[in-house]
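Heads up: the structure comes next, in structure tokens.
We did not get these values from a lab; they are worked out from the coordinates using the rules stated. Computed from a predicted structure; not experimentally measured. Quick reminder, even Gly has a Cβ in these numbers, built from the backbone with ideal geometry, and neighbours come from all protein chains shown.
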Amino acid sequence: MKTTLIIGASPRSSSYANMAMHALDSAGHPTLLYNPLGRQIDDRKVFTALNEIEDDIDTITLYVRPSRLEAIVQDLIQLKPKRIIFNPGTEDPELMQKFADANTDVLEACTLVLLRTNQY
């Protein structure tokens with residue numbers, strides 16, 4: 001299985017990022033968590049700086065609004081993900097184009113729906 005990086009990881013069980021983390025884990029997809037606040041999530045490591053990540057990242061799934069992404073776009077691109085998923089509420093045409101220009105497959109989709117429909 002290929003590693004997924006969750007941007008905007010949250011300890012709140014009602015958050016979509018948290019639901020996606022559990023759904024990805026249940027489906028056997030390894031996940032890494034990023035949140036600059038570094039809150040503890042289920043006894044798992046939460047990265048607070050993207051340059052700390054040494055794993056190969058297949059997919060990045062986004063759970064933060066575009067204004068929060070702008071500051072980390074170049075750091076995300078440097079991780080060389082194969083694809084990035086802009087979940088509902090995270091879409092931004094300019095940011096999407098930056099990833100496309102970096103040869104990253106860009107999806108405007110819902111990670112949870114992709115998992116439930118075996119399209120992940």
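Data table
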item	result
Where Ser67 falls short, out of the listed (1) among the small types (Gly, Ala, Ser); (2) touching a residue at least 12 places away in the same chain (Cβ under 8 Å); (3) part of a helix (DSSP H, G or I); (4) out of contact with any strand residue (DSSP E or B) (no Cβ under 6 Å at 6 or more places or on another chain)	(2)
Hits in the stretch 70-96 (condition: polar (S, T, N, Q) and touching a strand residue (DSSP E or B) at 6+ places or on another chain (Cβ under 8 Å))	Asn87, Thr90
Unique match (being in contact (Cβ under 8 Å) with a residue 60 or more places away in the chain, within 22 Å of Gly38 (Cα to Cα) and of a type in the set (Val, Ile, Thr)) among Ile53, Ile77, Ile72	Ile72
Which numbered condition Asp43 misses (of (1) in contact with a Pro (Cβ under 7 Å, 6 or more places away or on another chain); (2) loosely packed, with under 12 Cβ neighbours inside 10 Å; (3) acidic (Asp, Glu))	(1)
Total residues in the stretch 1-48, condition assigned to a loop (DSSP other than H, G, I, E, B) and either in contact with a His (Cβ under 8 Å, 6 or more places away or on another chain) or in contact (Cβ under 8 Å) with a residue 12 or more places away in the chain (or both)	19
Identity of the residue in the stretch 49-64, part of a strand (DSSP E or B) and of a type in the set (S, T, N, Q), that ends up surrounded by the most Cβ atoms within 10 Å (Cβ to Cβ)	Thr61
Where a residue in the stretch 89-114 is under 17 Å from Ile77 (Cβ atoms) and its partner, wherever it lies, is surrounded by 12 or more Cβ atoms within 10 Å (Cβ to Cβ) and of a type in the set (Gly, Ala, Ser), with Cβ under 6 Å and at least six apart	Val106/Ala100
